[in-house]
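The values are calculated or read from the model by the stated rules, or taken from the named source; none is laboratory data. Bear in mind the structure is a predicted one, so any value in this text is a computation, not a measurement. Here the Cβ is made from the backbone with ideal geometry for all residues, glycine too, and neighbour counts use every protein chain on show. Heads up: the accessible areas ignore ligands, DNA and RNA and are worked out on the full protein's heavy atoms, side chains in. Shrake-Rupley method; radii C 1.70, N 1.55, O 1.52, S 1.80 Å.
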Amino acid sequence: MSELLKYPGESDTDNLPPEGKKAAHSRRAFLFKLSLLLNGAVGTVLAVPLVRYLLGPAMKKDSATGSWISIGEVIEFSIGQTRLVDFQSPVASLSDGETAKIPCWVRRASAQQFQVFAVNCAHLGCPVRWFVQSKLFMCPCHGGVYYEDGSRASGPPERGLFEYRSKVTNGSLMIHAGDMPTLATHASCAGKSLIQIEPASNAMGSKSC
Ligand code: FES
């Protein structure tokens, strides 16, 4: 009788009768195939998030980037108030968890006039805080300061806070989200000047952004 192939971990069956050897071999063959199947299934489950992580941005880019989304009802914002609001990133996936929540500062300047600022400082991106007493945004990292309309007051930032495009639709405050507002995307520059930082010995100039 020809030698039967041994699977990994298979013990010596030389002492078994021919029927016993065949039964033991087929049982082990079945278990070996089952373990391959289970390993394949586990590998696939583990690979899905990795593949989604790698391909996700490219797959989501066209459909969600640049969406108009609501960040609340107009009546939720008092005139003259500036407050922090979180919104769900339109390009987020389930695996993003809490990081899908994007904070922004919302200022209601008048009944119909809103400004929505990215929280990131225009210098190196630290989150700025709003101080209602002084009506200033301040950056804890290098002392950048901004006025309530987001324009630069002092410190290393060369321009004002980046601002989301916003509009009011059917009583909701909408912002154009999906991309961070930067000069490379659609940051609002309206009415804000870009300060050219120069050495202390030179006069400080400015130019329009
Ligand atoms: Fe805000 Fe530098 S990151 S001042």
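Among strands (runs of 3 or more DSSP E) lying entirely in the stretch 65-135, which contain 3 or more residues that are in contact (Cβ under 8 Å) with a residue 24 or more places away in the chain, away from the ligand (no atom under 16 Å from the Cβ) and farther than 16 Å from S151 by Cα?
Because the criterion is at least 3 residues that are in contact (Cβ under 8 Å) with a residue 24 or more places away in the chain, away from the ligand (no atom under 16 Å from the Cβ) and farther than 16 Å from S151 by Cα, the strands (runs of 3 or more DSSP E) in the stretch 65-135 that meet it are 67-73, 82-88.
Quick check on the stretch 136-169: of everything there that is small (G, A, S) and assigned to a strand (DSSP E or B), which residue is modelled with the lowest pLDDT? Before you say what the answer is, go through the steps one by one.
Start the filter on the stretch 136-169 by keeping residues that are small (G, A, S), which leaves 143-144, 150-151, 153-155, 160, 166.
When the remaining residues are screened for being assigned to a strand (DSSP E or B), the result is 153-154, 166.
On the way: A153: 95, S154: 95, S166: 91.
Applying the filter and picking the extreme gives S166.
Conditions first: (1) more than 10 Å from the ligand (Cβ to nearest atom); (2) surrounded by 15 or more Cβ atoms within 10 Å (Cβ to Cβ). C139 passes all but one, so which condition is the exception?
(1)
Please indicate, with yes or no, whether at least one residue in the stretch 189-202 is at pLDDT below 70, farther than 24 Å from V74 by Cβ and within 13 Å of the ligand (Cβ to nearest atom).
Yes: one or more hits.
Answer yes or no: is there a residue in the stretch 150-158 that is within 10 Å of the ligand (Cβ to nearest atom), more than 17 Å from Q113 (Cα to Cα) and in contact with a Leu (Cβ under 7 Å, 6 or more places away or on another chain).
No, the stretch 150-158 contains no residue that is within 10 Å of the ligand (Cβ to nearest atom), more than 17 Å from Q113 (Cα to Cα) and in contact with a Leu (Cβ under 7 Å, 6 or more places away or on another chain).
Kindly indicate whether any position in the stretch 162-183 is within 15 Å of the ligand (Cβ to nearest atom), surrounded by fewer than 14 Cβ atoms within 10 Å (Cβ to Cβ), among the hydroxyl-bearing types (S, T, Y) and within 25 Å of the chain's Cα centre (by Cα).
Yes, that holds for at least one residue.
For E98, indicate whether it is within 20 Å of K167 (Cβ to Cβ) and open to solvent by 60 Å² or more (accessible area, probe 1.4 Å).
When the stated conditions are applied, E98 does not pass them.
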